[in-house]
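Asks: One structure, pasted below without further comment.
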Amino acid sequence: MAGKLTVLSLCSILATLAILCLSSEAGAVVYQVTNTAPATPGGARFDKEIGTAYSIRTLQSAAEFIWQTFQQNTPADRKSVERVSLIVDDMEGIAYTVGNEIHLSARFVAGYSGNLRDIAGVLYHEAAHIWQWNGNGQAPGGLIEGIADYVRLKAGLMPSHWVKPGGGDRWDQGYDVTARFLDYLESLENGFVAELNDIMRTGYSDDFFMQLLGKTVDQLWAEYKAQYPTKKALLFWTKFTLSSLPEFQS
């Protein structure tokens, strides 16, 4: 009896792995999903509410959207990626990407809002890391994260807690701050982000902004910030203006 139970248990495990490691092919890219934490609350919720099929469809849609955003119309324009893997792990944080592997936190899934758009937003961001160029590792981390969030922004999948346009202290602060800045630069020159990503294929320099837009990145950041004056800046300029008037001078 024990032997039969062992065989049945083994078959059950193999069947579960087969279900959790389904793959789907879109062009030359194979998408695979593996849940390594099915017994955790988040892993169980992933299987019940998100699942392999939805994840693969989302990764496929993300890739197509990213290629469009980066204006990579042919496989020759893109990174050579044959397989994209989504792995659900019992870990802290939300998600991270290494190479062509996206690791999604089961703990994040356990507590997420229940709106699948939140999951899609995370997957679009992480998929961007797979397909974007990083200047051979020379580009600022904040810019890399900003481009990934720019993809999420243009897909309309940004969360409500993101900074508003004009927010942030530095252009390379990363994530939503840099994404908003890049969106502004895109409004100055249609296709700017695609061009920036393309020339980051082999290296990186802040001079790329001058090459593409005719101004330094610091000039562009200053002009961007000036479009969204803060209360602090308005108070400063009000005091500065008043102090310049004759009746306010001692």
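Asks: Six or more apart or on different chains, Cβ under 6 Å: which pairs go from a residue in the stretch 55-72 that's under 22 Å from ASP198 (Cβ atoms) to one that's of a type in the set (Phe, Trp, Tyr)? Could you list them?
Replies: That search, which allows pairs on different chains as well, returns ALA62/TYR124; ILE66/TRP131.
Per-residue answers, yes or no, for (1) in contact with a helix residue (DSSP H, G or I) (Cβ under 7 Å, 6 or more places away or on another chain); (2) surrounded by fewer than 20 Cβ atoms within 10 Å (Cβ to Cβ); (3) among the basic types (Lys, Arg); (4) assigned by TED's automatic domain parsing to the domain that holds TYR150:
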residue	(1), (2), (3), (4)
ASP183	yes, yes, no, yes
GLY191	no, yes, no, yes
ASN197	yes, no, no, yes
ARG201	no, yes, yes, yes
GLY214	no, yes, no, yes
ASP218	no, yes, no, yes
ALA222	no, yes, no, yes
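Asks: Checking the structure you have, find out if any residue of the stretch 162-178 is closer than 22 Å to ASP77 by Cβ and either at pLDDT 95 or above or among the polar types (S, T, N, Q) (or both).
Replies: no
Asks: Which ones in the stretch 47-82 are buried (at least 17 other Cβ atoms within 10 Å of the Cβ), in contact with a strand residue (DSSP E or B) (Cβ under 7 Å, 6 or more places away or on another chain) and under 21 Å from ALA155 (Cβ atoms)?
Replies: SER55, ILE56, LEU59, GLN60, ALA63
Asks: Now for a separate question. Tell me which helices (runs of 4 or more DSSP H) are completely within the stretch 182-250 and hold 3 or more residues being modelled with pLDDT of 95 or more, or say none if there are none.
Replies: 192-199, 207-213, 217-226
Asks: Please determine, by comparing only the residues of the stretch 18-39 that are of a type in the set (Ser, Thr, Tyr) and either surrounded by fewer than 19 Cβ atoms within 10 Å (Cβ to Cβ) or at pLDDT below 95 (or both), which one is nearest to ASN73 (Cα to Cα).
Replies: So the residue we want is SER24.
Asks: Please go through the stretch 95-115 and pick out each residue that is in contact with a strand residue (DSSP E or B) (Cβ under 8 Å, 6 or more places away or on another chain), within 15 Å of GLY43 (Cβ to Cβ) and hydrophobic (A, V, I, L, M, F, W, C).
Replies: The answer is ALA95, LEU104, ALA106, PHE108, VAL109.
Asks: Still on this model: Could you tell me which numbered condition PRO165 fails, if it satisfies all but one of (1) assigned to a helix (DSSP H, G or I); (2) in contact with a Lys or Arg (Cβ under 9 Å, 6 or more places away or on another chain)?
Replies: Of everything listed in (1) assigned to a helix (DSSP H, G or I); (2) in contact with a Lys or Arg (Cβ under 9 Å, 6 or more places away or on another chain), PRO165 misses just condition (1).
Listed here are the residues, each with its yes/no results for (1) over 16 Å from ILE50 (Cβ atoms); (2) over 12 Å from the mean Cα position of the chain (by Cα); (3) among the small types (Gly, Ala, Ser).
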position: TYR96; (1), (2), (3): yes, no, no
position: HIS103; (1), (2), (3): no, yes, no
position: PHE108; (1), (2), (3): no, yes, no
position: ASN115; (1), (2), (3): no, yes, no
position: TYR124; (1), (2), (3): no, no, no
position: ALA128; (1), (2), (3): yes, no, yes
position: TRP133; (1), (2), (3): yes, yes, no
position: ASN136; (1), (2), (3): yes, yes, no
position: LEU143; (1), (2), (3): yes, no, no
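The values are calculated or read from the model by the stated rules, or taken from the named source; none is laboratory data. None of these values were measured; they are calculated from a predicted model. Every residue, glycine among them, receives a Cβ derived from its backbone with ideal geometry; neighbour counts consider all protein chains shown.
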